[in-house]
1. Most exposed first by the Cβ proxy, i.e. fewest other Cβ within 10 Å, how do 149, 115 rank?
2. Please compute, for the alpha-carbon atoms of the range 92-135, the extent along each of the three principal axes and give them in descending order in Å.
3. For a quick check: sort 127, 21 by the number of other beta carbons within 10 angstrom, fewest at the front.
4. Find the percent of Cα-Cα distances in the range 3-146 that exceed 28 Å, and round it to a whole number.
5. For the chain, what is the calculated [θ] at 222 nm in deg cm²/dmol (nearest 500), taking -39500 (n - 2.57) for each run of four or more DSSP H residues and dividing by its residue count?
6. Whole angstrom only: what separates the Cα centroid of the range 4-76 from the Cα centroid of the range 79-150?
7. Expressed as a rounded percentage, what relative contact order does the range 3-146 have, with Cα pairs under 8 Å and six or more residues apart?
8. Fewest to most neighbouring Cβ within 10 Å: what's the order for 28, 139?
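Only the coordinates and a few stated rules stand behind these numbers; no lab work does. Model, not experiment: these values are computed from the prediction. As a convention, Cβ positions derive from the backbone with ideal geometry for all residues, glycine included, and neighbour counts pool all protein chains shown.
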């Protein structure tokens with residue numbers, strides 16, 4: 001069942017969402033990440049990103065690398081919904097298709113777990129601008145691994 005994220009209820013969410021709400025990663029902060037909605041049964045995540053001039057290429061559009069960064073971020077969030085404490089979901093490979101030029105503003109990314117395996121999961125994601133136009137799609141192979149402390 002989909003649920004809207006309420007930071008005041010952090011302890012009721014899966015470990016990865018609790019961790020994000022406790023301490024946002026610097027890269028996710030740079031992307032203006034805002035968790036919106038999750039579904040732990042289906043491995044679905046909807047996340048807003050506030051993208052602007054610091055994410056532009058020299059031509060004044062969203063840089064492909066910034067878009068790929070958004071996609072990796074939302075895919076990892078969706079992948080993490082099925083993990084336990086002490087597990088991580090590193091991306092093994094990711095393919096991004098750039099469909100439209102992105103501009104500054106609020107963007108919504110959605111990611112969905114498509115196939116879950118014992119150690120490898122497959123996911124897909126879509127990035128939309130504020131008007132609902134599709135900016136990019138992505139697919140990823142993500143590994144389930146134990147967090148190693150150094």
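1. The most exposed by this proxy come first: 149, 115.
2. 39, 15, 12
3. Working: 127 29, 21 17.
Ranking 127, 21 by Cβ neighbours within 10 Å, fewest first, gives 21, 127.
4. Summing the P(r) of the range 3-146 above 28 Å gives 14 percent of all pairs.
5. -6000 deg cm²/dmol
6. Here the answer is 10 Å between Cα centres.
7. On the way: 311 pairs, mean separation 34.1, N = 144.
Relative contact order of the range 3-146: 24 percent.
8. Values: 28 21, 139 16.
Sorted ascending by nearby Cβ count, the order is 139, 28.
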